[in-house]
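Data block below; observations after.
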Amino acid sequence: MINSGEIKKQIIQAVETVKRTKPMAGSITNTVTINFVANAQLAVGGSAAMVYLPDEGEFLAKAGGATYINVGTLLPIYEQTLPHTAKVLHETGKPWVLDPVAVGIGSLRTKLLEQFREYKPTVIRGNASEILALAGLWGLDGGTKKSNVRGVDSTDSVSSAKDAAIALARYTGGAVAVSGETDLITDGSVIVLSYGGSHFMEKITGAGCSLGGVIAVYATAASPFIAALTGTAVYNLAATRAEKKADGPGSFQVQFLDELYKASAEDIANNPFEIIEI
Amino acid sequence: MINSGEIKKQIIQAVETVKRTKPMAGSITNTVTINFVANAQLAVGGSAAMVYLPDEGEFLAKAGGATYINVGTLLPIYEQTLPHTAKVLHETGKPWVLDPVAVGIGSLRTKLLEQFREYKPTVIRGNASEILALAGLWGLDGGTKKSNVRGVDSTDSVSSAKDAAIALARYTGGAVAVSGETDLITDGSVIVLSYGGSHFMEKITGAGCSLGGVIAVYATAASPFIAALTGTAVYNLAATRAEKKADGPGSFQVQFLDELYKASAEDIANNPFEIIEI
Amino acid sequence: MINSGEIKKQIIQAVETVKRTKPMAGSITNTVTINFVANAQLAVGGSAAMVYLPDEGEFLAKAGGATYINVGTLLPIYEQTLPHTAKVLHETGKPWVLDPVAVGIGSLRTKLLEQFREYKPTVIRGNASEILALAGLWGLDGGTKKSNVRGVDSTDSVSSAKDAAIALARYTGGAVAVSGETDLITDGSVIVLSYGGSHFMEKITGAGCSLGGVIAVYATAASPFIAALTGTAVYNLAATRAEKKADGPGSFQVQFLDELYKASAEDIANNPFEIIEI
């Protein structure tokens with residue numbers, strides 16, 4: 001089993017590679033938090049580009065080092081854009097991060113998320129309810145038949161999504177990150193719990209979405225598992241630091257972007273985590 | 001007639017219920033200020049979710065405690081989504097807030113706003129020119145035949161929209177909030193003027209839109225009139241406080257979100273207002 | 001050739017006219033940075049309005065003093081909206097600013113940018129790779145056959161785009177602004193280099209887009225060349241000032257909006273620039 005020294009080494013490598021190479025991770029993402037996703041990607045050292053059209057999704061999939069797909073606010077054209085882009089990503093072996101926001105709402109969302117089963121996202125990031133519902137939708141162990149998603153919020157605990165997360169990671173051969181008070185990251189063979197964060201993360205919109213975008217940036221430079229863990233660790237670290245300087249959710253958001261930018265590779269690697277055998 | 005003590009009691013109840021229950025108010029709103037709407041809704045203690053598609057609008061209408069509809073940046077799909085969602089809201093008796101942004105621009109906007117007449121929005125929030133033009137479009141007293149809307153800005157004074165606001169509130173059986181230097185809220189039988197605010201509110205985008213979203217949050221926990229007044233009061237209070245700490249519109253926006261978050265129920269209830277007999 | 005005293009005088013006039021008249025500059029722009037564009041336009045004293053539909057684009061084109069068109073995140077309806085709006089702008093002689101974001105990506109983007117050749121944008125603002133690629137697309141001197149655009153980033157230097165910028169300006173009869181470490185503005189007969197800025201401008205999204213929107217605001221009150229130069233100058237000035245107070249990209253963005261708002265006409269005119277004969 002991977003040990004904590006090896007994990008830290010790989011996190012440092014991922015962070016430094018990104019800062020040095022400014023890798024592009026394109027996104028097809030919701031309009032609510034699209035600006036925050038881009039700014040977070042830039043803050044950690046990546047480059048961002050967002051599109052809506054099928055051939056532009058294909059372009060970014062091929063041109064970028066990784067891609068971020070978030071189904072938050074679906075538009076009609078997504079019926080063509082998302083499966084096409086996911087197919088290109090799968091066929092070219094490019095890493096991509098899926099954020100199954102609000103799985104269970106609406107027929108197109110369900111159809112798209114069912115289609116993604118075939119294209120095996122490299123990293124799946126969501127809250128506990130989303131991970132449970134996606135595993136259920138894909139007929140995997142540990143999933144829930146019915147989505148407990150409440151709008152964009154989770155009604156389940158991170159630990160309750162452990163089996164679903166493991167099943168999803170084993171199915172895709174990639175990694176899964178379950179976001180919550182303590183975050184759970186797994187590649188199907190090991191689980192890491194990442195600590196830190198802030199209560200303000202629930203008082204701003206886009207904490208989860210932008211983490212998905214940042215994981216895509218790291219996925220250009222690391223394994224799915226390390227990318228998911230690195231993104232989660234820098235988020236927990238930056239949120240902990242930002243909360244100390246914040247007077248409310250407005251100033252927290254500003255401080256959080258500053259801390260994302262300032263976090264060193266060593267500090268990210270040393271953000272508290274715990275390895276758990278499966 | 002309702003007295004100021006009763007009003008304050010109901011405002012306190014609305015604010016505390018929201019902070020305790022984190023009610024979801026879904027939105028179909030413009031892309032310019034969608035992030036600010038969501039962050040403002042979260043700051044006062046609510047939960048936000050935004051969609052574009054017809055069946056997703058229906059889902060949110062049914063799942064949320066109230067819904068916010070803003071016609072700022074129309075997309076083609078809105079021709080289906082907006083009337084369908086408004087119809088569901090009307091039929092299920094769920095409260096909803098209409099923001100008739102830039103009424104008078106374009107044929108789809110006019111058609112949609114005409115259709116909303118039948119579905120009687122619980123709260124209508126707009127600037128004076130919008131309220132005047134909507135009353136005119138619906139053939140109500142006090143309205144203007146021709147919209148004086150200049151892009152998204154008002155060219156009329158709040159007091160000039162008094163009769164239109166009363167007529168709209170009497171027609172819908174709900175409440176109307178006219179935003180301006182001094183804000184006017186009416187349920188058709190009484191008018192309340194709400195004081196405070198900041199000149200910076202005109203120097204940032206989304207002050208009005210996000211107020212509409214926040215009123216929807218309070219509409220999950222109070223009458224339309226109290227919801228409109230509570231939202232307006234917390235905005236005037238937070239803006240007054242934020243201006244003192246702000247050095248320009250950038251820092252004002254940050255401080256404003258912080259103050260929305262920090263405002264206590266008592267302070268919101270005690271924000272200066274005046275009751276006027278009709 | 002225009003001298004620096006005359007340039008400064010015209011910059012002061014543009015800034016003061018905007019602050020006094022609050023001119024509206026409508027936009028059809030991408031969803032990533034649409035909020036930042038609007039806030040920047042408001043910060044310098046203008047008024048903002050954004051739309052997506054063809055008849056609404058026409059309305060804004062006629063109602064506004066100038067219009068900003070940015071092809072960053074294309075939606076299907078843009079196939080109708082953008083050529084229609086650009087045609088109206090051209091026929092009515094209204095100034096408009098084109099931001100050819102990510103030229104070279106996707107078939108609709110290419111088609112639209114080809115169509116704009118006929119409607120001669122008054123100001124073209126882009127990074128060096130975009131200016132080179134647009135000149136190439138339009139078959140002008142100095143352009144590149146193949147776009148070197150990398151997502152939304154430039155891979156070429158500002159100076160390498162000098163000939164392309166001159167050719168574009170001569171073709172349109174307007175002005176071109178090439179954004180980079182040192183910015184180049186030309187009307188085809190003279191070049192001005194504008195100094196200042198901050199390394200943080202590359203660490204936030206929307207620095208370029210919002211500059212385009214601000215140039216549109218100034219284009220309501222000045223020649224294309226002076227509008228492009230005034231916008232660039234206030235950006236360089238505000239960025240220089242904001243960097244001194246910023247601790248990272250989050251606080252930089254806040255400070256930058258504050259400094260845009262606070263910059264005086266004289267300070268903008270005195271921001272360092274250099275006139276170069278062609």
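The values are calculated or read from the model by the stated rules, or taken from the named source; none is laboratory data. Source: prediction; values computed, not measured. Every residue, glycine among them, receives a Cβ derived from its backbone with ideal geometry; neighbour counts consider all protein chains shown. The protein model used for the area step is the full one, side chains on, heavy atoms only, and it has no ligands, DNA or RNA in it. Shrake-Rupley method; radii C 1.70, N 1.55, O 1.52, S 1.80 Å.
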| Which of the residues spanning the stretch C:77-117 are more than 13 Å from chain A (Cβ to nearest Cβ), within 20 Å of C:Asp55 (Cα to Cα) and open to solvent by 10 Å² or more (accessible area, probe 1.4 Å)? | C:Gln80, C:Pro83, C:His84, C:Lys87, C:Val88, C:His90, C:Glu91, C:Thr92, C:Gly93, C:Lys94, C:Pro95, C:Gln115
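Looking at this structure, is C:Gly72 under 16 Å from B:Gly151 (Cα atoms) and more than 9 Å from chain B (Cβ to nearest Cβ)?
On the way: under 16 Å from B:Gly151 (Cα atoms): no; more than 9 Å from chain B (Cβ to nearest Cβ): yes.
No.
When you check A:Glu58 against the structure, is it open to solvent by 10 Å² or more (accessible area, probe 1.4 Å), in contact with a His (Cβ under 7 Å, 6 or more places away or on another chain) and within 12 Å of chain C (Cβ to nearest Cβ), yes or no?
Numbers: open to solvent by 10 Å² or more (accessible area, probe 1.4 Å): yes; in contact with a His (Cβ under 7 Å, 6 or more places away or on another chain): yes; within 12 Å of chain C (Cβ to nearest Cβ): yes.
For A:Glu58, the condition - open to solvent by 10 Å² or more (accessible area, probe 1.4 Å), in contact with a His (Cβ under 7 Å, 6 or more places away or on another chain) and within 12 Å of chain C (Cβ to nearest Cβ) - is met.
Inside the stretch C:53-91, can you point out the residues that are in a loop (DSSP other than H, G, I, E, B) and under 20 Å from the mean Cα position of the chain (by Cα)?
C:Gly64, C:Gly65, C:Val71, C:Gly72, C:Thr73, C:Leu74
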| note | The condition from (1) assigned to a helix (DSSP H, G or I); (2) surrounded by fewer than 24 Cβ atoms within 10 Å (Cβ to Cβ) that B:Met1 misses is numbered (1)
| said: For the stretch C:220-245, give me each residue that is closer than 22 Å to A:Gly250 by Cα and touching a Ser or Thr at 6+ places or on another chain (Cβ under 8 Å). | reply: C:Ala239, C:Ala242, C:Glu243, C:Lys245
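Do we find a residue being on the phi < 0 side of the Ramachandran plot, open to solvent by 20 Å² or more (accessible area, probe 1.4 Å) and within 14 Å of chain A (Cβ to nearest Cβ) anywhere in the stretch C:211-224?
First, the residues of the stretch C:211-224 that are on the phi < 0 side of the Ramachandran plot: C:211-224.
Adding the requirement that they be open to solvent by 20 Å² or more (accessible area, probe 1.4 Å) leaves C:220-224.
Now drop any that are not within 14 Å of chain A (Cβ to nearest Cβ), which leaves none.
No, the stretch C:211-224 has no match at all.
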| remark: Considering the stretch A:4-55, residues that are of a type in the set (Val, Ile, Thr) and over 30 Å from A:Pro272 (Cβ atoms), and then whichever is surrounded by the most Cβ atoms within 10 Å (Cβ to Cβ), we arrive at A:Ile34
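Residue under question is C:Leu134, and the condition is that it be under 16 Å from the mean Cα position of the chain (by Cα) and modelled with pLDDT of 95 or more; does it hold? First the steps, then the outcome.
Numbers: under 16 Å from the mean Cα position of the chain (by Cα): yes; modelled with pLDDT of 95 or more: yes.
When the stated conditions are applied, C:Leu134 passes them.
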| field | Residues within the stretch C:4-38 that are in contact with a strand residue (DSSP E or B) (Cβ under 9 Å, 6 or more places away or on another chain), within 14 Å of chain B (Cβ to nearest Cβ) and part of a helix (DSSP H, G or I), tallied | value | 3
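Yes or no: the stretch C:97-117 includes at least one residue that is among the charged types (D, E, K, R), in a helix (DSSP H, G or I) and under 24 Å from A:Asn30 (Cβ atoms). Explain how you work it out, then say what you get.
So in the stretch C:97-117, the residues among the charged types (D, E, K, R) come out as C:99, C:109, C:111, C:114, C:117.
Checking the rest, the ones that are also in a helix (DSSP H, G or I) come to C:109, C:111, C:114, C:117.
Narrowing further to those that are under 24 Å from A:Asn30 (Cβ atoms): C:109.
Yes, some residue in the stretch C:97-117 is among the charged types (D, E, K, R), in a helix (DSSP H, G or I) and under 24 Å from A:Asn30 (Cβ atoms).
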| Hey, any hits in the stretch C:231-248 for a residue that's β-branched (Val, Ile, Thr) and either buried (at least 24 other Cβ atoms within 10 Å of the Cβ) or assigned to a strand (DSSP E or B) (or both)? | yes
| Filtered residues of the stretch A:262-276 (kept if crowded, with 24+ Cβ neighbours inside 10 Å and over 25 Å from A:Val190 (Cβ atoms)) | none
